[in-house]
Amino acid sequence: MLSKRIIPCLDVRDGKLTKGIKFKGNVDIGDPVDMAEFYYREGADELVFYDITASHEARDIMLEVVRRVAERIFIPFSVGGGLRTVEDMRAVLMAGAEKVSVNSSAVTNPQIIADGSRQFGAQCVVLGMDVLKVPVSEKIPSGYEMVIHGGRKHMGIDALWWAQEAERLGAGEICLNSIDADGTQQGYEMDLTALISSHVSIPVIASGGAGEPQHLADVLTGGKADAALIASMTHYGHYSVADIKDYLSERGIKVRKYW
Amino acid sequence: MIAIIDYDAGNLTSVERALRSLGADCAISRDPEFIAQAARVILPGVGRAGAGMASLRRLGLDRVLADTVAQGKPFLGICFGTQIIFDYSEEDLTDCLGLMPGKVVRFPVEHRDQAGEPLKVPHMGWNGVDWKINHPVFADIPDEAEFYFVHSYYLQPASEDSVVGTTDYGFPFVSAVAKGSLVAVQFHPEKSGRPGLKLLENFLAWDGKEGGDAL
């Protein structure tokens, strides 16, 4: 049986982690490559790097990070943030990432999903979705709207429609981030995750709101998610990946236990 | 020297990096002469059957790979590189290399597990392998080890004799096969952490002699 994946997310700016990270066991790590290796050895099933570098010139720094990560870890990892063209995607994949993630660039230019999928295969193309709960309307029948720029700009696009459209265009996976839940550590947006996951046939990674292992158990069962993104709950030493996997395993959720 | 076959099927550098981490001398190549000289050959890949076979034929590699197997040189297929060694694939209705008898078929569109819950296609993520025989390439890999899979099509070997392992996704499908000097896996050992690296290390040390007894 397929295991549910636990995926730590690392934010990188100018080649460095955006925040100092203190793992359980008081291991301080500031270099994203060291941190990736730490999570690899800890049993993470996959990693997500999100590049929040503002300037396009600094992109080469991220590519160097990707190359160094690819030499040290032997599990899949994806890279997202600021990828606007197929050439941007190609550079990241050639540097050694398994997958690329497109988010706001895909909302404004859906063709990038189709082009990337055709060039590199659907399994390489992850659609990142930032979603906000809104009143149900004719335009937003699901009550979930696509937003960009961290939720500051509403796009007038229904999230469920967009997920299905992206699948049709060739996205291989969806990383579904609830802006409402993000940063709260109060749990994932269950209704949103279950809604999207049950209406697409590609895997859905739940994102936003994880604070304790119970939240992962919830979203991987009732939320119908195939994988769960985590950040602060392991970055700041509250839990290790192994702690979370033990918890899930004890509750009958299949996770990878040998690494 | 190990030749990693380049046939525009992507995903070659991760195989190269994994082999390098094991200290192996390897090179990505599409040169028939170089590949013919190599001591071992790996056919990796992420791609589509139609385009993959067209590339192999255009580059003249279909014959080189057949010779490799005929000579008894150790040969490893990975993921799409495994599917394409069979006779035929339902993907793009493609005649493939025919190095392993059997065909490749798609998971059902409305795929469900035994309890009736819908299963996503592609089969993407970590899953275990139920090993059927002992084989030197799969030695010292614990039963609880899992491997990273990404695929929508699966193997249907003509003979049970070639099946090394199966994996459960709604039903057991064949995830590892072996015949003579040829071994092939549906998962990605280069992205499967320690057990995957162990498999590659075993392949590097293997003399190509047929393995093992039934478990």
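The values are calculated or read from the model by the stated rules, or taken from the named source; none is laboratory data. Keep in mind the model is a prediction, meaning the values are calculated, not measured. Cβ placement follows ideal geometry from the backbone for every residue including glycine, while neighbour counts extend to all protein chains displayed.
Within the stretch B:117-134, how many residues turn out to be acidic (D, E) and out of contact with any strand residue (DSSP E or B) (no Cβ under 8 Å at 6 or more places or on another chain)? I'd like the intermediate steps shown before the answer.
Taking the stretch B:117-134 as the starting set, the residues that turn out to be acidic (D, E) are B:117, B:130.
Within this subset, residues satisfying the condition of being out of contact with any strand residue (DSSP E or B) (no Cβ under 8 Å at 6 or more places or on another chain) are B:117.
The total comes to 1.
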Taking strands (runs of 3 or more DSSP E) that fall entirely within the stretch B:60-147, which contain at least 2 residues that are within 14 Å of another protein chain (Cβ to nearest Cβ) and either at pLDDT 95 or above or over 18 Å from the mean Cα position of the chain (by Cα) (or both)? B:123-128
Could you run through the stretch A:218-259 and say how many residues are under 26 Å from A:G150 (Cα atoms) and either polar (S, T, N, Q) or not in a loop (DSSP other than H, G, I, E, B) (or both)? 11
What are the residues in the stretch B:1-37 that are assigned to a loop (DSSP other than H, G, I, E, B), surrounded by fewer than 22 Cβ atoms within 10 Å (Cβ to Cβ) and either touching a residue at least 60 places away in the same chain (Cβ under 8 Å) or away from every other protein chain (no Cβ under 14 Å) (or both), if any? B:M1, B:L22, B:A24, B:D25, B:R30, B:D31
Limited to the stretch B:117-140, what total is found for residues that are farther than 12 Å from B:D168 by Cα and free of Cβ contacts under 8 Å to residues at least 60 places away in the same chain? 7
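If a residue must be part of a strand (DSSP E or B) and under 16 Å from B:F86 (Cα atoms), how many such residues does the stretch B:162-200 contain? Explain how you work it out, then say what you get.
Of all residues in the stretch B:162-200, those part of a strand (DSSP E or B) come to B:163-168, B:172-179, B:182-185, B:188.
From what is left, the residues that are under 16 Å from B:F86 (Cα atoms) are B:163-164, B:173-179, B:182-185.
Counting residues in the stretch B:162-200 that are part of a strand (DSSP E or B) and under 16 Å from B:F86 (Cα atoms) gives 13.
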Across the stretch A:121-142, which residue is nearest to A:A194 (Cα to Cα) among those that are among the small types (G, A, S) and within 14 Å of chain B (Cβ to nearest Cβ)? A:A122
Contacts under 7 angstrom Cβ, first residue in the stretch A:104-117 being under 15 Å from A:E173 (Cα atoms), partner part of a helix (DSSP H, G or I) and β-branched (V, I, T), 6 or more apart: A:A106/A:I112; A:A106/A:I113; A:I112/A:V86; A:G116/A:V86
In the stretch A:141-193, how many are within 22 Å of A:V48 (Cα to Cα), assigned to a helix (DSSP H, G or I) and polar (S, T, N, Q)? 1
Return the residue satisfying two criteria in turn: it lies in the stretch B:141-177 and is in contact (Cβ under 8 Å) with a residue 40 or more places away in the chain, surrounded by fewer than 24 Cβ atoms within 10 Å (Cβ to Cβ) and among the aliphatic types (A, V, I, L, M), and of such residues it is farthest from B:E90 (Cα to Cα). B:I141
